[in-house]
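Accompanying notes for the structure given below.
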Amino acid sequence: MSFINYSSREINCKIVYYGPGLCGKTTNLQFIFKKTNPEHRGKMISLATETERTLFFDFLPLSLGDIKGFKTRFHLYTVPGQIFYDASRKLILKGVDGIVFVADSQIERMDANIESFENMQTNLKEQSYDLANIPYVIQYNKRDLPNVVPLSELKKVLNVNGAPDFEAVAATGAGVFETLKAVVKLVLIELKKGT
Amino acid sequence: MPTSSLVMFEEEFKQITAIIDRLLKEANAKLVFLVDKDGQLIASSGETRDVDTTSLASLTAGNIAATGGLAKLIGEKEFSILFHEGEKDNLHISIVGQRVILVVIFDQRSSLGLVRLRVKKASEELNTIIQKLLHRVEAKPSAQENLLAEISDNDIDKLFH
Ligand SMILES: Nc1nc2c(ncn2[C@@H]2O[C@H](COP(=O)(O)OP(=O)(O)OP(=O)(O)O)[C@@H](O)[C@H]2O)c(=O)[nH]1
Ligand SMILES: [Mg+2]
């Protein structure tokens with residue numbers, strides 16, 4: 001849940017990167033970390049296994065500047081994508097204000113994408129959230145690889161609701177900030193509605 | 001939405017800060033901070049200059065979330081107090097009013113018994129204020145508090161320059 005502090009004039013929001021194992025969630029945060037002026041971001045924390053798979057979460061705090069005299073701070077989290085970390089994914093989703101669903105464009109990961117998207121909906125429902133009421137965007141990652149599913153097919157399967165969606169190559173950073181910007185925008189619009 | 005978002009106002013912020021400032025002194029602690037269960041730092045007191053309070057807040061919330069998950073698995077509601085003992089510094093973490101987390105960092109100048117005692121009293125006072133804040137959010141925000149409604153698309157675009 002967002003945290004609005006009228007005393008220190010700050011808006012704090014939580015954005016979660018969700019998606020199947022190895023789809024590139026951590027890579028998204030690493031690129032944002034690398035390209036953001038240290039004045040506008042804190043340390044990136046990665047609770048990961050020896051083999052750099054996310055074990056609990058990655059965390060990256062960003063401050064994006066002022067809106068109407070309020071400092072805006074966004075806490076970016078990734079979930080662990082591997083199926084057996086479901087309990088951790090549920091915990092990370094708590095208090096979420098906006099979601100980036102990162103899909104792996106490779107043909108052989110299509111089933112994993114669908115499974116992860118359904119898992120996300122289940123976990124949201126369990127906490128009485130509804131995807132229909134949560135700002136979210138979709139990122140089709142790894143567009144640089146040869147064996148990718150055509151964009152139209154990805155949209156048809158993963159974006160039936162017509163959420164804002166983006167192609168990306170997180171490894172080089174293409175599409176990473178476009179995705180972030182879109183979800184930030186949706187979150188702020190939602191916040192505006194809520195107040 | 002499952003829970004209402006937390007909103008902080010000048011008056012309550014001052015009260016909260018006063019309570020944790022006092023807790024810091026009375027418990028002989030190095031650092032005290034209050035964190036929302038979602039990992040947002042609410043207030044802090046003590047030698048915070050060399051400490052990454054944002055990371056501390058996020059990891060504390062992660063810690064409470066993980067132990068809360070463990071508690072459910074064994075049929076407990078939650079573990080309301082966690083204690084981590086280090087070589088020099090110790091960490092006392094407790095849940096206030098099921099909604100926020102109070103963290104006290106202390107060294108050999110204090111003791112677990114003293115911290116526990118002071119935390120208990122401070123928690124009750126903090127809980128009263130937190131409950132008041134939550135009620136205030138549920139009630140309709142006043143025009144003065146509704147500044148966010150004026151945010152324009154242009155403002156949002158400008159954030160990314
Ligand atoms: N070719 C290519 N590789 C990528 C791209 N994005 C990420 N990768 C690689 O994919 C692998 C997994 O990326 P991560 O970011 O760790 O994946 P993750 O989604 O965080 O995975 P989990 O933590 O297990 O959920 C790494 O070796 C990345 O370098 C991309 O756009 N193209
Ligand atoms: Mg990862």
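The values are calculated or read from the model by the stated rules, or taken from the named source; none is laboratory data. The shown structure was predicted, so the numbers you read here are calculated from the model rather than taken from an experiment. We place every Cβ from the backbone using ideal geometry, glycine too, and count neighbours over all the protein chains shown.
The table for this structure:
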item: Any hit, region B:34-56, residues being assigned to a helix (DSSP H, G or I) and of a type in the set (Val, Ile, Thr); result: yes
item: Residue in region B:66-79 that is in a loop (DSSP other than H, G, I, E, B), more than 13 Å from chain A (Cβ to nearest Cβ) and within 26 Å of B:Ile129 (Cβ to Cβ) present; result: yes
item: Pairs with Cβ under 9 Å, 6+ apart, first in region A:117-130 and assigned to a loop (DSSP other than H, G, I, E, B), second β-branched (Val, Ile, Thr); result: A:Gln127/A:Val96; A:Tyr129/A:Val96
item: Test: residue in region A:22-34 that is on the phi < 0 side of the Ramachandran plot, away from ligand 2 (no atom under 16 Å from the Cβ) and not in a loop (DSSP other than H, G, I, E, B); result: no
item: Count of residues meeting criterion [over 20 Å from A:Gly21 (Cβ atoms) and either in contact (Cβ under 8 Å) with a residue 12 or more places away in the chain or among the hydrophobic types (A, V, I, L, M, F, W, C) (or both)] in region A:138-171; result: 9
item: Residue check for B:Leu56: surrounded by 13 or more Cβ atoms within 10 Å (Cβ to Cβ), under 16 Å from the mean Cα position of the chain (by Cα) and modelled with pLDDT of 95 or more; result: no
item: Long-range neighbours under 9 Å by Cβ, at least six apart or interchain, first residue over 16 Å from B:Leu112 (Cα atoms) within region B:75-100, second surrounded by fewer than 16 Cβ atoms within 10 Å (Cβ to Cβ) and of a type in the set (Lys, Arg); result: B:Glu78/B:Lys72
item: Matching residues, region A:91-109, being of a type in the set (D, E, K, R) and either at the interface with chain B (Cβ under 8 Å from one of its Cβ atoms) or in a loop (DSSP other than H, G, I, E, B) (or both); result: A:Lys94, A:Asp97
item: Residues of region A:53-79 satisfying the condition of being away from ligand 1 (no atom under 16 Å from the Cβ) and not in a strand (DSSP E or B); result: A:Lys68, A:Gly69
item: Top-ranked residue of region A:13-52 - restricted to ones that are of a type outside the set (Gly, Ala, Ser), more than 16 Å from ligand 1 (Cβ to nearest atom) and in contact with a Pro (Cβ under 9 Å, 6 or more places away or on another chain), ranked as nearest to A:Val187 (Cα to Cα); result: A:Arg41
